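The values are calculated or read from the model by the stated rules, or taken from the named source; none is laboratory data. Predicted, not measured: the structure shown is a model, and the values here were computed from it. A quick note on method: Cβ atoms are made from the backbone with ideal geometry, for glycine too, and the neighbour counts reach across all protein chains shown. When the accessible area is computed, the model is the full protein with side chains, heavy atoms only, and any ligands, DNA or RNA have been set aside. Shrake-Rupley method; radii C 1.70, N 1.55, O 1.52, S 1.80 Å.
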Amino acid sequence: MIRRYSFGHPFQTDAVVKDLPPIHGPVPYFTVENDDCTLACPLSSDTIVYGLGETVRGINKRGWHYCSNCSDEPQHTEGKQSLYASDNFLLLAGKGQMFGVFLDYPGKVDYDIGYTNMNHMAVTVGNADYDLYIIEGKSAEEIVHQFRGLIGRSYIAPKWAFGYGQSRWSYYSEDEVREVVQKHRENHVPLDMVYLDIDYMDHYKDFTLNDETFPDFAEFVQEMRRQNIHLVPIIDAGVKQERGYDVCDEGLENGYFCKKEDGTPFVGAVWPGKAYFPDFLNPEVRAWFGGKYRFLLDKGIDGFWNDMNEPALFYSEDGLKAAFAEMKKLEGKNLDMDKVNYFRELVTGLSNNPKDYESFYHNCGGKRVRHDKIHNLYGYNMTRSAGEAFEKYCPNKRVLMFSRSSMVGMHRYGGVWTGDNCSWWSHLLLEIQMMPSLNMCGFLYSGADIGGFGDNATADLLLRWTAFGVFTPLMRNHSALGTRCQEVYRFPEVLPVFRNLIGIRYALLPYLYSEYMKATLQDTMYFKPLAFVYPQDEDAARVQDQLMLGDELMVTPVYTQNAVGRTVYLPEPMKLVRMHSAQEIQTEQMEKGYHYIPIALDEIVFFLRSDRMIPLAKGGESVPEVDFGDLTLLVNVQHCAAYQYYSDDGCSKDYDNAKNRTCITMKADGTVSAEGQLPVKLDVKR
Ligand code: MIG
């Protein structure tokens with residue numbers, strides 16, 4: 001049951017796809033205070049607060065204050081309130097409280113979730129113009145399912161995008177990319193994607209190529225495709241200010257960029273220096289900018305990542321001018337501590353300055369809207385611009401797309417990666433905890449930079465992170481310019497281990513892809529907190545570092561350095577599965593309860609629930625090499641089990657066709673059969 005409560009004049013965000021009649025009466029569960037700007041409620045002692053998508057801290061959001069305000073924030077430390085995304089969905093689950101809330105509002109939202117008062121929650125918006133959706137259901141899963149129905153089907157990535165991808169900010173030339181591919185291929189480390197960061201462009205201009213370092217791009221794309229490699233270039237939100245550059249010229253001529261109060265285009269700076277910012281809220285601008293992706297689509301590209309779309313601002317033209325003027329005043333002065341701090345602030349305060357976000361405007365159907373009022377829609381609508389273009393120019397083909405900034409609504413057009421994490425063990429745990437929260441909010445194709453983006457990775461961190469990354473839909477190793485190189489072949493002493501771990505991903509693909517597809521098609525979650533599956537189990541409710549994956553598995557990653565294992569909690573008897581490679585699998589039956597499980601650096605451990613099974617492939621070094629029809633069943637069957645297997649061609653959009661499904665069953669006597677139109681060859685791992 002979903003009800004919509006309307007306040008003031010809500011901005012049309014297109015986050016939801018269902019048109020519910022607005023109610024203006026009193027809101028259940030909350031008291032509405034502060035001129036309708038604050039929603040407050042008590043938190044029962046056992047209530048767990050889920051949601052908020054991509055945020056710091058745990059799966060249970062209680063005990064901190066968060067702020068929906070898409071931010072270019074490269075330090076994902078515990079004290080932060082905002083990261084790149086704004087996902088205004090919360091779910092309160094406890095004995096006396098069980099409901100979901102979605103706040104459809106595109107500006108800043110503050111969440112005080114037991115921060116000021118441990119037993120109290122307050123949600124505050126800047127203007128009382130919003131739609132509030134209250135979702136009721138018997139269970140957490142049911143509430144999420146309804147919410148997902150409200151916001152519409154999540155983006156579906158091509159099958160090849162479930163392979164392993166290698167990325168780094170600083171692959172400067174075709175030859176460097178060739179080397180990355182060759183190193184993986186000669187060492188038999190599976191690989192499907194190499195990502196191109198801003199270095200492929202001409203002076204960081206979107207939809208251009210550096211002709212010297214990438215001289216014959218279309219041919220290079222084909223050369224890579226012959227090796228089953230997809231190149232995935234980055235696109236930035238800011239458009240370089242440069243006369244003669246088509247994107248800049250066309251944008252200026254047509255008034256497609258965000259404008260200042262005086263009507264002149266707003267100038268901020270990002271990679272290319274001074275830049276303009278397309279007004280993605282305007283459908284005409286979206287159609288224009290989206291059309292630009294054809295520059296690369298026409299060269300054979302079929303995947304992109306959208307960056308810097310909070311939008312990040314290194315400085316604004318006006319802000320820089322003002323800072324220099326202030327500095328001049330300090331020149332020759334004796335700077336005491338306060339003054340020197342002020343002086344420093346003049347520079348550091350230039351980036352992502354809130355004042356700048358208040359200084360430009362969007363054209364929303366002829367109405368001028370100040371950017372900060374709708375800030376969280378920017379990255380969403382950049383990605384929507386691409387998504388709408390793909391739908392128009394290649395309607396029957398899936399294009400890989402994921403974004404850094406996002407808001408609920410964008411989940412229909414792309415996935416997300418979680419931005420500039422660091423090579424820290426705490427960020428491995430952070431990723432584990434973000435995944436189910438993102439899934440609730442519709443972001444299923446997601447993952448973090450494996451090994452960490454900032455700072456230097458070590459072999460053991462990368463091994464543990466890869467072991468978790470094997471399970472995330474987006475599996476990409478990415479790192480920042482200037483940090484230690486972290487392609488797996490940079491660690492020769494453990495290269496065979498990486499080959500095996502990544503190989504396990506490819507063996508698991510039939511299951512992982514099937515679960516991802518079912519989760520998108522049925523509005524369910526791929527990663528779930530344990531409590532969603534075992535709602536009566538009070539121990540399960542408190543587990544923050546294990547995840548259910550689909551309806552069959554539980555994953556229990558190791559995320560502490562020098563650990564040789566970890567404690568896991570089993571809410572039911574399960575089968576421990578220990579994989580050293582796609583072929584070497586050991587299993588052990590385990591009882592419900594707490595267990596210390598040794599887990600070495602060279603293995604992946606997960607758990608298979610009772611009366612369940614999963615399909616495994618024989619493996620492969622790229623997704624096209626994986627045979628999704630030749631399956632080995634890994635089973636934990638006492639009575640009988642059924643598995644709904646989904647597979648398809650991976651590139652077209654005929655998702656709902658019955659030929660994509662087959663139901664595999666196993667009886668107590670061990671006989672196996674498949675019923676459905678999807679042909680499969682089955683054997684069983686005993
Ligand atoms: O200011 O394009 O999050 O993945 O490598 C940094 C360079 C801009 C931020 C992205 C990161 C990417 C980097 N970008």
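Of all residues in segment 615-636, those satisfying the criterion of being touching a Gly at 6+ places or on another chain (Cβ under 8 Å) and of a type in the set (Val, Ile, Thr) are Val623, Val626.
Only one of the listed residues (Val577, Val564) is open to solvent by less than 30 Å² (accessible area, probe 1.4 Å) and of a type in the set (Val, Ile, Thr). That residue is Val577. The criterion of being under 30 Å from Ala218 (Cα atoms), within 16 Å of the ligand (Cβ to nearest atom) and not β-branched (Val, Ile, Thr) does not hold for Asp298. The set of residues in segment 528-565 that are farther than 26 Å from Val637 by Cβ, assigned to a helix (DSSP H, G or I) and touching a strand residue (DSSP E or B) at 6+ places or on another chain (Cβ under 7 Å) contains only Ala541. For segment 372-382, filtering for residues that are surrounded by fewer than 24 Cβ atoms within 10 Å (Cβ to Cβ) and either closer than 25 Å to Asp298 by Cβ or of a type in the set (A, V, I, L, M) (or both) leaves 1. Residues that are among the charged types (D, E, K, R) and out of contact with any helix residue (DSSP H, G or I) (no Cβ under 6 Å at 6 or more places or on another chain) within segment 569-610 comprise Glu572, Lys575, Arg578, Glu584, Glu588, Glu591, Lys592, Glu603, Arg609, listed in sequence order. Residues in segment 112-126 that are touching a His at 6+ places or on another chain (Cβ under 9 Å) and open to solvent by 40 Å² or more (accessible area, probe 1.4 Å): Tyr115, Thr116.
Screening Glu358 with (1) at pLDDT 95 or above; (2) over 28 Å from the mean Cα position of the chain (by Cα); (3) surrounded by fewer than 15 Cβ atoms within 10 Å (Cβ to Cβ) gives one miss only, at (2). All but one of (1) surrounded by fewer than 20 Cβ atoms within 10 Å (Cβ to Cβ); (2) more than 16 Å from the ligand (Cβ to nearest atom); (3) basic (Lys, Arg) hold for Lys528, so report the exception by its number. Among (1) surrounded by fewer than 20 Cβ atoms within 10 Å (Cβ to Cβ); (2) more than 16 Å from the ligand (Cβ to nearest atom); (3) basic (Lys, Arg), the lone unmet condition for Lys528 is (1).
The number of residues in segment 314-338 being open to solvent by 80 Å² or more (accessible area, probe 1.4 Å) and part of a helix (DSSP H, G or I) comes to 6. Across segment 143-165, the number of residues qualifying as among the hydrophobic types (A, V, I, L, M, F, W, C) and not in a helix (DSSP H, G or I) comes to 2.
Here are some residues: Ser385, Ser405. Which one is within 14 Å of the ligand (Cβ to nearest atom), in contact with a helix residue (DSSP H, G or I) (Cβ under 8 Å, 6 or more places away or on another chain) and open to solvent by less than 20 Å² (accessible area, probe 1.4 Å)?
Ser405
Taken as a whole, segment 303-319 holds no residue that is away from the ligand (no atom under 16 Å from the Cβ), hydrophobic (A, V, I, L, M, F, W, C) and touching a strand residue (DSSP E or B) at 6+ places or on another chain (Cβ under 8 Å). It is to be established whether one or more residues within segment 603-612 are under 28 Å from the mean Cα position of the chain (by Cα) and not in a strand (DSSP E or B). Yes, there is a match, as at least one residue in segment 603-612 is under 28 Å from the mean Cα position of the chain (by Cα) and not in a strand (DSSP E or B).
Cβ separations smaller than 7 Å between residues 6+ apart or across chains give the following pairs from segment 298-326 residues that are closer than 14 Å to Met401 by Cα to residues that are of a type in the set (Lys, Arg) and within 16 Å of the ligand (Cβ to nearest atom): Asn306/Arg404; Asp307/Arg404; Asn309/Arg404.
Can we say Glu179 is open to solvent by 30 Å² or more (accessible area, probe 1.4 Å), more than 16 Å from the ligand (Cβ to nearest atom) and closer than 20 Å to Leu296 by Cβ? In short, no. When the test is whether a residue is open to solvent by less than 10 Å² (accessible area, probe 1.4 Å), without any contact (Cβ under 8 Å) to a residue 60 or more places away in the chain, within 16 Å of the ligand (Cβ to nearest atom) and more than 27 Å from Val623 (Cβ to Cβ), Val239 passes it. Scan segment 127-142 and give yes if some residue there is open to solvent by less than 50 Å² (accessible area, probe 1.4 Å), assigned to a helix (DSSP H, G or I) and within 16 Å of the ligand (Cβ to nearest atom), otherwise no. The answer is no; no qualifying residue exists.
In this structure, does Glu391 turn out to be free of Cβ contacts under 8 Å to residues at least 24 places away in the same chain and surrounded by fewer than 24 Cβ atoms within 10 Å (Cβ to Cβ)? The answer is yes for Glu391.
Considering only residues in segment 469-519 that are part of a helix (DSSP H, G or I), open to solvent by less than 10 Å² (accessible area, probe 1.4 Å) and small (Gly, Ala, Ser), the one that is nearest to the ligand (Cβ to nearest atom) turns out to be Gly469.
Taking the options Gly96, Gly63, Gly100, name whichever one is closer than 18 Å to Leu43 by Cα and modelled with pLDDT under 95. Just one listed residue meets the conditions, Gly96.
A residue that is in contact with a Pro (Cβ under 8 Å, 6 or more places away or on another chain) and farther than 21 Å from Arg294 by Cβ occurs nowhere in segment 205-219.
Scanning segment 650-685 for residues that are part of a loop (DSSP other than H, G, I, E, B), open to solvent by 50 Å² or more (accessible area, probe 1.4 Å) and in contact (Cβ under 8 Å) with a residue 40 or more places away in the chain yields Cys651, Lys653, Asp656, Pro679.
Being under 25 Å from Arg490 (Cβ atoms) and in a helix (DSSP H, G or I) holds for only one residue in Leu463, Leu438, and it is Leu463. Total residues in segment 1-22 satisfying the condition of being within 19 Å of His411 (Cβ to Cβ) and of a type in the set (S, T, N, Q): the figure is 2.
Residues that are in contact with a strand residue (DSSP E or B) (Cβ under 9 Å, 6 or more places away or on another chain) and open to solvent by 20 Å² or more (accessible area, probe 1.4 Å) within segment 446-466 comprise Phe453, Asp455, listed in sequence order. The single condition from (1) within 14 Å of the ligand (Cβ to nearest atom); (2) surrounded by 24 or more Cβ atoms within 10 Å (Cβ to Cβ) that Met434 fails is (1). Quick check: anything in segment 353-361 in contact (Cβ under 8 Å) with a residue 24 or more places away in the chain and of a type in the set (Asp, Glu)? Taking every residue of segment 353-361 in turn, at least one turns out to be in contact (Cβ under 8 Å) with a residue 24 or more places away in the chain and of a type in the set (Asp, Glu). Selection of segment 198-221 for residues being in contact with a Leu (Cβ under 8 Å, 6 or more places away or on another chain) and within 16 Å of the ligand (Cβ to nearest atom) yields Tyr200, Met201, Asp202, Phe207.
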